[in-house]
Amino acid sequence: MNKTSSTADDILACARSLILGGGYNSFSYADIAAVVGIRKPSIHHHFPSKADLVRTLVARYREAAEEGMKNLERAIPDPLGRLRAYIDYWKACIGDASAPFCVCALLANELPVLPEEIATEIRAYFRFLSAWLAAVLEAGAAQGAIALRDTARVEAEIFMAAVHGAMLSARAYGDTAIFATIMDPQLARLAAAD
């Protein structure tokens with residue numbers, strides 16, 4: 001773990017890695033303690049329960065995504081370019097295995113068995129991402145750069161499902177290129193004909 005970060009950050013990073021490797025029920029505080037090099041009571045000091053830990057992780061994940069989308073807005077004025085940058089981000093993360101799957105998409109699969117405070121944070125992430133995608137699609141349609149076949153809201157849900165499904169397919173096939181194979185045509189489908 002990174003010694004320049006706080007213990008809480010190290011715990012969260014370890015939990016994220018363990019969740020990405022096997023989901024919510026695949027790890028315990030003992031697993032984190034072994035990786036981070038601390039005792040379990042130290043973890044409980046920062047996060048009294050596993051639900052507190054994962055709720056904090058998901059909340060920070062959403063906040064980081066929100067900041068990332070704001071940065072895209074500032075850096076890329078073209079809505080289709082923003083979508084392309086979003087897809088390229090995931091291509092890179094999946095390709096180098098730094099973030100092979102969206103934590104919230106992975107945990108959404110486990111919603112029926114997750115504590116409600118975690119489920120609430122996951123739903124907040126999905127609402128945020130859907131709203132951001134819809135706004136980008138609306139802006140692109142208004143500029144004539146994006147061709148919508150349905151409402152921006154419906155297209156946003158389709159796009160989000162395609163992204164998460166492409167992640168799942170890349171994992172299932174053990175082939176990182178599958179993500180691009182699925183998502184590149186999605187972007188092309190949205191691009192308005194010249």
Using a Förster distance of 35 Å, the FRET efficiency for H45-A177 (Cβ separation, nearest 0.05): 0.20
Once both axes come from the Cα atoms, what is the angle between helix 50-75 and the longest principal axis of the chain, in degrees from 0 to 90, rounded to 10? 30 degrees
Given a Förster distance of 25 Å, the FRET efficiency implied by the Cβ-Cβ spacing of D52 and A131, rounded to the nearest 0.05, works out to 0.40
Mind checking which of Y24, A142, L129 is farthest towards the positive end of the chain's charge dipole, using Cβ charges of +1 (Lys, Arg) and -1 (Asp, Glu) about the Cα centre? Y24
Helix 79-95 versus the longest principal axis of the chain: what is the Cα-based angle in degrees, 0 to 90, to the nearest 10? 40 degrees
Only four residue types carry charge here, +1 at the Cβ of Lys and Arg and -1 at the Cβ of Asp and Glu. Report the dipole size of the chain about the Cα centre in Debye, rounded to the nearest 20. 320 debye
Return the distance in nm (one decimal) between the two label points of a simple spin-label model at N71 and N109, each offset 7 Å from Cα along Cα→Cβ. 2.7 nm
Let me have the 222 nm mean residue ellipticity of the chain computed from DSSP H runs of 4+ only, each contributing -39500 (n - 2.57), with the sum over all residues rounded to the nearest 500. -24500 deg cm²/dmol
Note, A139: beta-carbon cut-off 12 Å, +1 each Lys/Arg, -1 each Asp/Glu, net -2
If amide H atoms are built 1.01 Å from N in the plane of the peptide, which residues on other chains or at least 5 residues away come under 5 Å of the amide H of A192? I146, A147
From the backbone phi of the stretch 112-127, what are the Karplus-calculated ³J(HN,Hα) couplings (6.51 cos²θ - 1.76 cosθ + 1.60, θ = phi - 60°) in whole Hz, Gly and Pro given as x? x, 10, 8, x, 4, 5, 6, 4, 4, 5, 5, 4, 4, 4, 4, 4
What FRET efficiency would be calculated for the residue pair R189, A8, taking the C-beta separation as r and a Förster radius of 45 Å, to the nearest 0.05? 0.60
Among G37, V54, V113, which residue has its Cα positioned farthest towards the positive end of the charge dipole of the stretch 14-158, with +1 placed on the Cβ of Lys and Arg, -1 on the Cβ of Asp and Glu, and the dipole taken about the Cα centre? G37
Options [x] -0.54, -1.03, -1.19; [y] -0.46, -1.04, -1.33; [z] -0.40, -1.07, -1.53 for log10 I(q)/I(0) by the Debye sum over Cα atoms at q = 0.10, 0.16, 0.19 Å⁻¹; the value derived from the coordinates is listed as [y]
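Each reported figure results from applying straightforward, stated rules to the coordinates on display, with no laboratory input. For clarity, every value in this text was computed on a predicted model and none was experimentally measured. For neighbour counting, all protein chains shown are included, and Cβ atoms are generated from backbone atoms with ideal geometry for every residue, glycine included.
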